[in-house]
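Encoded as structure tokens, the structure appears first; notes follow it.
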Amino acid sequence: QVQLVESGGGLVQAGGSLRLSCASSGFMFSIYAMGWYRRAPGEQREFVAVIDIDNRTNYADSVKGRFTISRDNAKNTVYLQMNSLKPEDTAIYSCTTDVGARRYWGQGTQVTVSS
């Protein structure tokens, strides 16, 4: 059974940093791309970052240069390092992966950036 469990969210002042983690189980983590999405209050879910099995990454323009996605295959964990946070980064952040024909999501972790 695929499970994704995020952690590391919280309240931070603008300009601060947070590191999110997504612990994965129930599938062969190392052979799947992993992604982060976020949903701000009243908004649709939006793409944040993705990392493939060769550690190639892609980012939304809004976070490029501030966020870094990485993975540790030995720990079955994907990370999102978030620096220079802005109030508009406030959202619930969820990790995701496609296994077989299905997309799986974690429960999400709340990030709140105060101005």
> Mind checking which residues of the range 80-93 are surrounded by 14 or more Cβ atoms within 10 Å (Cβ to Cβ) and more than 14 Å from residue 38 (Cβ to Cβ)?
Replying inline: 81, 83
>> Return the residues of the range 93-108 that are among the aliphatic types (A, V, I, L, M) and either in a strand (DSSP E or B) or touching a residue at least 12 places away in the same chain (Cβ under 8 Å) (or both); say none if nothing qualifies.
In response: 99
>> Among the residues of the range 6-46, what is the count of those that are within 11 Å of residue 76 (Cα to Cα) and either touching a Phe, Trp or Tyr at 6+ places or on another chain (Cβ under 6 Å) or not polar (S, T, N, Q) (or both)?
In response: 10
> When residue 1 is evaluated against the numbered criteria (1) surrounded by fewer than 13 Cβ atoms within 10 Å (Cβ to Cβ); (2) at pLDDT 95 or above, which criterion, by number, is the only one it fails?
Replying inline: (2)
> Hey, does the range 94-114 have a residue that's at pLDDT 95 or above, farther than 21 Å from residue 1 by Cα, of a type in the set (D, E, K, R) and loosely packed, with under 13 Cβ neighbours inside 10 Å?
Replying inline: no
>> I'd like the residue in the range 47-79 that is open to solvent by less than 50 Å² (accessible area, probe 1.4 Å), β-branched (Val, Ile, Thr) and part of a strand (DSSP E or B) and, out of all such residues, is farthest from residue 24 (Cα to Cα).
In response: 48
> From the set of residues in the range 18-46 that are open to solvent by less than 60 Å² (accessible area, probe 1.4 Å) and part of a loop (DSSP other than H, G, I, E, B), which is nearest to residue 86 (Cα to Cα)?
Replying inline: 40
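The values are calculated or read from the model by the stated rules, or taken from the named source; none is laboratory data. What you see is a predicted model, and the numbers here were worked out from it, not measured in a lab. Cβ: placed from backbone, ideal geometry, glycine included. Neighbour counts: every protein chain shown. Areas reflect the complete protein model, heavy atoms only, side chains present, ligands, DNA and RNA absent. Shrake-Rupley method; radii C 1.70, N 1.55, O 1.52, S 1.80 Å.
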